[in-house]
């Protein structure tokens, strides 16, 4: 690295995972790859023989794939929340984790959409949605909103990366040829002039504001896939906000898991630390409380009113064949996070990691319990049925999760893990704020600060 | 334009299931086999469903022959993302099998669970395969699409064609679905609900008449006459 320009600590930390790939990465990658192959193999079989290989039947026409669909689109909320909402509210501690969160959004949405394709009986006719689309169908609302959300969140992921890509182009001069080419092309001739930064910031702010309602819309129309039907416990006005809360809740939890693992593997302790775990842990706790509130509201009104059709479904959930899943979900989504996160000592990497694992499993169960019980207990009692996922569905589910993790890992082998310029900006703001706090000064120099080297 | 409807007299129905068999032969629904049928995979557009009401010793067994309700306000039509399921000008709810993408939104939206999905490529034992209805309108549906009762729409088209060929005006009584024609107990009636003189419209006004899940507002065009 003779011709290498001087690098700051931050730059060295961010460049390192791009420059060196250890045995650990290949091991994890191979393990994930195997799980993906298992899922892919089962999918090919399903494609050849038909959806009969799943556990679905009449009238339980939707199963684990739809649960996965809600779950994956739900966790996509992570990026929007951390990046867009925290950017608009100028929370400085977000800076080192914005990209980690935004990448989840893109990949989770892709995986969510994939679940629908896997679930389709005739995926070869997908284009019919464009050709013959019926706009009264909530399914079409989903296609539209998720499409818009996917494109705008990818754009939003890309925009703040431009200065970083230019930095890679300029400072990693002995990079492999394909990387040099990639960084040069994607940096779009970025020079870091004040004017360029001005335009970039403007566009990022605009996209942040566009993304928030788009995300709200996506999670709402996903819920309306169920809410717009007249099936018992689906046909409910609570579903829109309930899904948004669940989305933020599971999104933060998954971000915690990815963030903690990557922080440890790539030694980001100096940048992602106490503050992130404390604040984000509090947010997770708050979302757990919101989630409990919605769950209570949904089930208490149903039980109190005790209208036959809904009561039948709810009884199956709370007291009947789904009771282990339901109370397990309550334990994982409410009891565990509360027991850990109310304590300051619990909001550590380990504490939040454990709570997040619980929440991710709990929220997946929640999605399962939204889809299945209503379908097994239709109004006409002589149509009741049961459902148990088959190995095909289990393999495809695990394969999908592995694919999400692998895409995420590979992405950060190609692109920088942190927004260098944003982190530097945060450092500068704090450095300036520290002496100015006495004067109660709101950072007069909130402007462009470029690395001086 | 007639508004086709059906009346099923549960007092007359003997639950012989000849309607189910006639429907299968007329409409080429595939054979799922006992194992798959046990898993809820049987495709019977017109199923005779046993329904146990109450608990022993105060118990009653009912049989409900259940075709598609052909709702005037169907829950299935508006949710289809590709307009593959639709209500035609006669008020019959149909599916375009060449367009259906198999997302099964209609099947979960239908409160009557009358829509069926082709989990596998359709199959028949050879003896049955030899007797498939050759009418191209009921050609076997491919794997991965939704299908259901059509009130034997092909029979309507045949009856209309026949009337035309014979140079006479088509009448509502020219057309009945296979289940109605075959019903051993003559428990089924079919005709124009908009014609005040038709038997179906009069029976539909009987004090014994009711429709499944009437309170949902789907306006089914299949009426049942309560059994005693």
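Evaluate the following for residue A:295: is it more than 21 Å from the chain's Cα centre (by Cα), crowded, with 17+ Cβ neighbours inside 10 Å and closer than 21 Å to residue A:223 by Cβ?
Details: more than 21 Å from the chain's Cα centre (by Cα): yes; crowded, with 17+ Cβ neighbours inside 10 Å: yes; closer than 21 Å to residue A:223 by Cβ: yes.
Considered against the rule, which asks whether it is more than 21 Å from the chain's Cα centre (by Cα), crowded, with 17+ Cβ neighbours inside 10 Å and closer than 21 Å to residue A:223 by Cβ, residue A:295 comes out as yes.
Closer than 29 Å to residue A:423 by Cα, at pLDDT below 90 and touching a helix residue (DSSP H, G or I) at 6+ places or on another chain (Cβ under 6 Å): is that true of residue A:84 in this structure?
In short, yes.
Among the residues in the stretch B:101-123, are any more than 8 Å from every other protein chain (Cβ to nearest Cβ), over 20 Å from the mean Cα position of the chain (by Cα) and part of a loop (DSSP other than H, G, I, E, B)?
Within the stretch B:101-123, one or more residues are more than 8 Å from every other protein chain (Cβ to nearest Cβ), over 20 Å from the mean Cα position of the chain (by Cα) and part of a loop (DSSP other than H, G, I, E, B).
Kindly check whether there is at least one residue in the stretch A:37-55 that is within 30 Å of residue A:212 (Cβ to Cβ), within 14 Å of chain B (Cβ to nearest Cβ) and at pLDDT 95 or above. Break it down stepwise before answering.
Taking the stretch A:37-55 and keeping what is within 30 Å of residue A:212 (Cβ to Cβ), we get none.
No: the stretch A:37-55 contains no residue that is within 30 Å of residue A:212 (Cβ to Cβ), within 14 Å of chain B (Cβ to nearest Cβ) and at pLDDT 95 or above.
Failed condition for residue B:200, given (1) assigned to a loop (DSSP other than H, G, I, E, B); (2) at negative phi; (3) touching a strand residue (DSSP E or B) at 6+ places or on another chain (Cβ under 9 Å), with all others met?
The one condition residue B:200 does not meet is (1).
Filter the stretch B:50-77 down to residues that are within 8 Å of another protein chain (Cβ to nearest Cβ) and crowded, with 16+ Cβ neighbours inside 10 Å and give me whichever is nearest to residue A:228 (Cα to Cα).
Selected residue: B:75.
Provide a single number: the residues in the stretch A:380-404 that are modelled with pLDDT of 95 or more, more than 15 Å from residue A:71 (Cβ to Cβ), part of a helix (DSSP H, G or I) and within 14 Å of chain B (Cβ to nearest Cβ).
Within the stretch A:380-404, residues that are modelled with pLDDT of 95 or more, more than 15 Å from residue A:71 (Cβ to Cβ), part of a helix (DSSP H, G or I) and within 14 Å of chain B (Cβ to nearest Cβ) number 1.
Select from the stretch B:141-165 the residues that are more than 14 Å from chain A (Cβ to nearest Cβ) and crowded, with 19+ Cβ neighbours inside 10 Å and write down the one among them that is farthest from residue A:53 (Cα to Cα).
Applying the filter and picking the extreme gives B:156.
Among the residues that make up the stretch A:199-219, is at least one of them out of contact with any strand residue (DSSP E or B) (no Cβ under 8 Å at 6 or more places or on another chain), crowded, with 21+ Cβ neighbours inside 10 Å and either on the phi > 0 side of the Ramachandran plot or not in a helix (DSSP H, G or I) (or both)?
no
Restricting to the stretch B:83-100, give me the number of residues that are more than 10 Å from chain A (Cβ to nearest Cβ) and touching a helix residue (DSSP H, G or I) at 6+ places or on another chain (Cβ under 9 Å).
5
Anything in the stretch B:178-190 that is part of a loop (DSSP other than H, G, I, E, B) and either exposed (fewer than 12 other Cβ atoms within 10 Å of the Cβ) or out of contact with any strand residue (DSSP E or B) (no Cβ under 6 Å at 6 or more places or on another chain) (or both)? List them, or say none. Spell out how you get there, then give the answer.
If we filter the stretch B:178-190 for residues that are part of a loop (DSSP other than H, G, I, E, B), which is where we start, we get B:183-187.
The answer is B:183, B:184, B:185, B:186.
Checking the conditions here, which among B:80, B:23 is at pLDDT 95 or above, within 10 Å of chain A (Cβ to nearest Cβ), crowded, with 21+ Cβ neighbours inside 10 Å and more than 22 Å from residue B:214 (Cβ to Cβ)? Before the answer, list the steps.
Numbers: B:23 fails: within 10 Å of chain A (Cβ to nearest Cβ).
Testing whether each residue is at pLDDT 95 or above, within 10 Å of chain A (Cβ to nearest Cβ), crowded, with 21+ Cβ neighbours inside 10 Å and more than 22 Å from residue B:214 (Cβ to Cβ) leaves just B:80.
Residues in the stretch A:121-157 that are under 22 Å from the mean Cα position of the chain (by Cα) and more than 8 Å from chain B (Cβ to nearest Cβ): how many?
16
The values are calculated or read from the model by the stated rules, or taken from the named source; none is laboratory data. Just so it is clear, the model here is predicted, and its values are computed rather than measured. Counting neighbours? That spans all protein chains shown, and the Cβs are built from the backbone with ideal geometry, glycine included.
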